[in-house]
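**Student:** Before we start, here is the structure in question, set down as structure tokens.
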Amino acid sequence: DIQMSQSPSSLSASVGDRVIITCRASQSVNFYLNWYQQKRGEAPRLLIFGSTDLQDGVPSRFSGSGSGTEFTLTINGLQREDFATYFCQESFTTLLTFGPGTTVDI
Amino acid sequence: QVQLVQSGAEVKKPGASVKVSCKAFGYSFTNYEINWVRQASGQGLEWMGWMNPNSGRTGYSPTFQGRVTMTRNTSISTAYMEMTRLKSDDAAVYFCARGSKRRGYEFDSWGQGTLVTVSS
């Protein structure tokens, strides 16, 4: 089974900062990597699919990159509404494994 | 717009079963798979399985195989997830999510979640 890890597990940032979150897979998942945002008490929301494609309605300050085993989610110019937990997910295998999450707080 | 609306919170005793529903609005229900994901309090996301509303075919995570059944009623655009033999560590929020195949497979719309409490 593929194991997904994320770093850091949490980070503190300020409005306007550039934030980079890393997701690593234990073996190659090609470009089959999604990113979700989850705010406290809410359902997750798809941000990025296929490593780089921005979901409709998601602000352009979010971007994704990477392939194989290492991926990044970048938030350029953090906004107050971006304070949340971010999860990566591989869709290379039928197990659709999620990463453990990265919490971004103030 | 696309919306998934789930049934309300449930309280169950250990050993009981629970059935959660997920009603789809704003798209053709049979054109997209429905997945179920659970999240224990303060924990991460755990994928449970998928169900094809058109064919009824299902696929389950090995973690839940034999204890979870995913079904649907196409006449009311509703998917169901039933879990049997509940244990205390099944207490979690259960989400349904629509599966989309654009570049790989992604969950592009989610239900609001259903809290399942397991307590004697």
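The values are calculated or read from the model by the stated rules, or taken from the named source; none is laboratory data. Note that the structure is a prediction, hence the values are computed from the model and not measured. Cβ placement follows ideal geometry from the backbone for every residue including glycine, while neighbour counts extend to all protein chains displayed.
Table: residues versus (1) surrounded by fewer than 21 Cβ atoms within 10 Å (Cβ to Cβ); (2) over 23 Å from B:Trp47 (Cα atoms); (3) of a type outside the set (A, V, I, L, M); (4) in contact with a Pro (Cβ under 7 Å, 6 or more places away or on another chain).
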site	(1), (2), (3), (4)
A:Pro44	no, no, yes, no
A:Ser65	yes, yes, yes, no
A:Thr72	yes, no, yes, no
A:Phe98	no, no, yes, no
A:Thr103	yes, no, yes, no
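**Student:** Consider B:Gly104 against the criteria (1) surrounded by 19 or more Cβ atoms within 10 Å (Cβ to Cβ); (2) in contact with a helix residue (DSSP H, G or I) (Cβ under 8 Å, 6 or more places away or on another chain): it satisfies all of them except one. Which criterion is unmet?
**Tutor:** Status for B:Gly104: all satisfied but (2).
**Student:** So the check is Cβ under 6 Å with 6+ separation or different chains; which pairs have a first residue in the range A:40-57 that's under 18 Å from A:Glu70 (Cβ atoms) and a second one that's part of a loop (DSSP other than H, G, I, E, B) and of a type in the set (Gly, Ala, Ser)?
**Tutor:** Once the first residue is under 18 Å from A:Glu70 (Cβ atoms) and sits in the range A:40-57, its partners that are part of a loop (DSSP other than H, G, I, E, B) and of a type in the set (Gly, Ala, Ser) give A:Gly50/B:Gly104.
**Student:** Kindly state which strands (runs of 3 or more DSSP E) lie completely within the range B:1-106 and contain at least 2 residues that are within 14 Å of chain A (Cβ to nearest Cβ) and touching a residue at least 12 places away in the same chain (Cβ under 8 Å).
**Tutor:** B:3-6, B:18-25, B:33-39, B:46-51, B:58-60, B:92-100
**Student:** Before we move on, is A:Asn34 touching a residue at least 40 places away in the same chain (Cβ under 8 Å), part of a loop (DSSP other than H, G, I, E, B) and among the polar types (S, T, N, Q)?
**Tutor:** no
**Student:** Residues in the range A:12-23: is at least one of a type in the set (D, E, K, R), under 13 Å from the mean Cα position of the chain (by Cα) and more than 10 Å from chain B (Cβ to nearest Cβ)?
**Tutor:** The answer is no, given that none of the residues of the range A:12-23 is of a type in the set (D, E, K, R), under 13 Å from the mean Cα position of the chain (by Cα) and more than 10 Å from chain B (Cβ to nearest Cβ).
Conditions tested, residue by residue: (1) farther than 24 Å from B:Gly113 by Cα; (2) more than 8 Å from chain B (Cβ to nearest Cβ).
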| position | (1), (2) |
| --- | --- |
| A:Ser26 | yes, yes |
| A:Leu33 | no, no |
| A:Asp56 | no, yes |
| A:Gly68 | yes, yes |
| A:Asp82 | no, yes |
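**Student:** With respect to the numbered conditions (1) surrounded by fewer than 21 Cβ atoms within 10 Å (Cβ to Cβ); (2) over 19 Å from A:Ser91 (Cα atoms); (3) at pLDDT 95 or above; (4) within 14 Å of chain A (Cβ to nearest Cβ), which one is the sole condition not fulfilled by B:Thr114?
**Tutor:** Unmet condition: (1).
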